[in-house]
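Peer 1: Provided herewith is a single structure, encoded as C-alpha cells, for subsequent inquiry.
The values are calculated or read from the model by the stated rules, or taken from the named source; none is laboratory data. Computed from a predicted model, the values in this text were never measured in an experiment. A quick note on method: Cβ atoms are made from the backbone with ideal geometry, for glycine too, and the neighbour counts reach across all protein chains shown. These area figures cover heavy atoms from the full protein model, side chains too; ligands, DNA and RNA do not enter into them. Shrake-Rupley method; radii C 1.70, N 1.55, O 1.52, S 1.80 Å.
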Amino acid sequence: MEKKILRLLIVDDSPDDAELAVASLRKAGFMLKNQRVQDLASMQTALDKGAWDVVLSEYTLPHFGAQLALDLVKRAHLDIPFLVVTRNIRDPDLVKIMRNGAHDVVLKSQSARLAPAVERELHVAEERRKYQKMSLTLNEVENKNRAIIEGSREAICYCQDGMHIDANKTYLDMFGYEDLTELEGVPLMNLVAKSDHVRFKDFLRKINSPNPPEPQEFLAAKKDGQHFHAELAISPIVLNGENCTQCVVIDVSKRKAVENRLQYLNQHDPLTGLFNRHHFTQELTRTLEQAKQSDSQSALLYLDLNELKEINDSLGHAAGDRLLAAVGARLTRCVRPGDTVARLGGDEFGVLL
C-alpha cells in the first residue's frame, strides 16, 4: 500500500504507551500526524475538529474506554478502522467489542502485530469505499434505465403473431440488421438466446393478462449470433387496426458488468483473488446446516504462514504480497473445483473441503 500521512487518533491515558504505538507505526514506514486523548470530552473535540484515518484505543480508562470511544466514532458516522490496543482483555470483552464493530484487538505486548493490522484495515477500508462508489454507480445506471423504460422510444419493434412487422433504426442497429426488409417476418423468438426460450414464451403469454407483465431481463441474440443482456418491456397495441405487440428493448450489459464486479468485490480478497472471510463464513454456515440435515461430511482446514513479517521486513511488503498470492494459487491447485479456499486476513487461510 502506498504510504501517505496517516492521521492517527490515540485514546490512552499513558503517554509512554501511545509513543510506543507511534514508534511501531513509524518503524513500519508510516508518516504520522497523531493526537492522544484520554476522556470523552477531549475525544469528542478531536472528532469534531479533525479528520482521522485510524483510531487506536486502550480498552479500559478511568470513566472511559474503547466501548465509549467506539460509540463516538459510530455516532460521527466515520467509516475508519477502529483498533483496540490494550495490555490485557478478557475473552468475553474481546468478543463484545468485536461484535460492536471494532476491527481488531492487539495486545501491547505484541506490538509487532500493530502495523500489519493497521495496514490491512486501511486496505479493507479503501476497498469498502470503492464498493460504495460502485454501488452508487449501479444505482445511477438503474435509474437511467428506468427512465428509458418509462419515457423513451429508442429501441422499439412491433410484432404480430410473434413475427416482426416494424422496428425503428435503433432497434435494427442493436440487433445488427441493415434495414427493415431483413427483419420483417423474422420471429421475435429468434432474437432471444435458446437458453431463455421457455422463459420468454411464458413472458409473452402474460401480455393477454389484465395487467401487462413487468419488464424482464433475457439473453438477447444478434443477427451474427453474438449475445448481450437485454431488458424487455412488452405491451399490447393496435397498429393499423390490427392487434400487435410493442416491445421496448434496453441493453443492460454495462449494468450486468457492474453487478458482477460488485458481487466479486463483495466475495473476494483483492490481493489473492481468493474468497474473503465474509463469504467463507457464509459457506461454512451453509455446510454445517447441510451436514445436520443430510449427515454429509466435510473438512475444515485453517492455515497460517510462518515468518511473513520477517519477509515483509527484509524483502518488502511487495514480496510478502507475492508470497500470499502464490500460496493462494497453490492452495487452489491442490483442491477440487467444488472446495472453497479463502484468505481470512493477514497471513491466515481457510479451506473447506
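Peer 1: Answer yes or no as to whether Arg36 is surrounded by 12 or more Cβ atoms within 10 Å (Cβ to Cβ) and under 24 Å from Gly316 (Cα atoms).
Peer 2: no
Peer 1: Report every pair of residues separated by at least 6 positions or lying on different chains whose Cβ atoms are under 6 Å apart, first residue within region 94-119 and closer than 28 Å to Glu310 by Cβ, second open to solvent by 50 Å² or more (accessible area, probe 1.4 Å) and basic (Lys, Arg).
Peer 2: Qualifying pairs under 6 Å: Val106/Arg113; Lys108/Arg87.
Peer 1: I've got another one for you. Residues of region 37-84 being in a loop (DSSP other than H, G, I, E, B) and at positive phi, which ones?
Peer 2: His63, His77
Peer 1: For residues that are assigned to a strand (DSSP E or B), over 12 Å from Val141 (Cβ atoms) and not charged (D, E, K, R), tally how many sit in region 222-266.
Peer 2: In the first step, residues of region 222-266 are kept if they are assigned to a strand (DSSP E or B); the result is 227-239, 242-251.
From what's left, over 12 Å from Val141 (Cβ atoms): 227-230, 232-239, 242-249.
Next, from what is left, pick out any that are not charged (D, E, K, R): 227-230, 232-239, 243-249.
Here the count works out to 19.
Peer 1: Does region 79-92 hold any residues that are out of contact with any Phe, Trp or Tyr (no Cβ under 7 Å at 6 or more places or on another chain) and either surrounded by fewer than 19 Cβ atoms within 10 Å (Cβ to Cβ) or in contact (Cβ under 8 Å) with a residue 40 or more places away in the chain (or both), and which are they?
Peer 2: Of everything in region 79-92, those that are out of contact with any Phe, Trp or Tyr (no Cβ under 7 Å at 6 or more places or on another chain) and either surrounded by fewer than 19 Cβ atoms within 10 Å (Cβ to Cβ) or in contact (Cβ under 8 Å) with a residue 40 or more places away in the chain (or both) turn out to be Asp79, Pro81, Val85, Arg87, Asn88, Arg90, Asp91, Pro92.
Peer 1: Restricting attention to region 300-353, which residues are open to solvent by 60 Å² or more (accessible area, probe 1.4 Å), in a helix (DSSP H, G or I), in contact (Cβ under 8 Å) with a residue 24 or more places away in the chain and over 25 Å from Ala125 (Cα atoms)?
Peer 2: Hit for region 300-353 is Thr332, nothing else.
Peer 1: Now for a different question. Restricting to region 180-201, and then to whatever is part of a helix (DSSP H, G or I) and of a type in the set (A, V, I, L, M), can you tell me which residue is most open to solvent (accessible area, probe 1.4 Å)?
Peer 2: Among those that are part of a helix (DSSP H, G or I) and of a type in the set (A, V, I, L, M), it is Val198.
Peer 1: Just to be sure, is Thr285 of a type in the set (Val, Ile, Thr), under 26 Å from the mean Cα position of the chain (by Cα) and exposed (fewer than 14 other Cβ atoms within 10 Å of the Cβ)?
Peer 2: Values: of a type in the set (Val, Ile, Thr): yes; under 26 Å from the mean Cα position of the chain (by Cα): yes; exposed (fewer than 14 other Cβ atoms within 10 Å of the Cβ): yes.
Yes.
Peer 1: Another one. Taking region 22-32 as the region of interest, how many residues are under 23 Å from Ala69 (Cα atoms) and either without any contact (Cβ under 8 Å) to a residue 12 or more places away in the chain or in contact with a Lys or Arg (Cβ under 8 Å, 6 or more places away or on another chain) (or both)? Working first, answer last.
Peer 2: Going residue by residue through region 22-32, those that are under 23 Å from Ala69 (Cα atoms) are 22-25, 32.
Subset that is either without any contact (Cβ under 8 Å) to a residue 12 or more places away in the chain or in contact with a Lys or Arg (Cβ under 8 Å, 6 or more places away or on another chain) (or both): 23, 32.
Total meeting the criteria: 2.
Peer 1: Continuing with this model, one more query. For Leu136, work out the one condition from (1) of a type in the set (A, V, I, L, M); (2) open to solvent by 60 Å² or more (accessible area, probe 1.4 Å); (3) modelled with pLDDT of 90 or more; (4) within 30 Å of Val258 (Cβ to Cβ) it doesn't fulfil.
Peer 2: (3)
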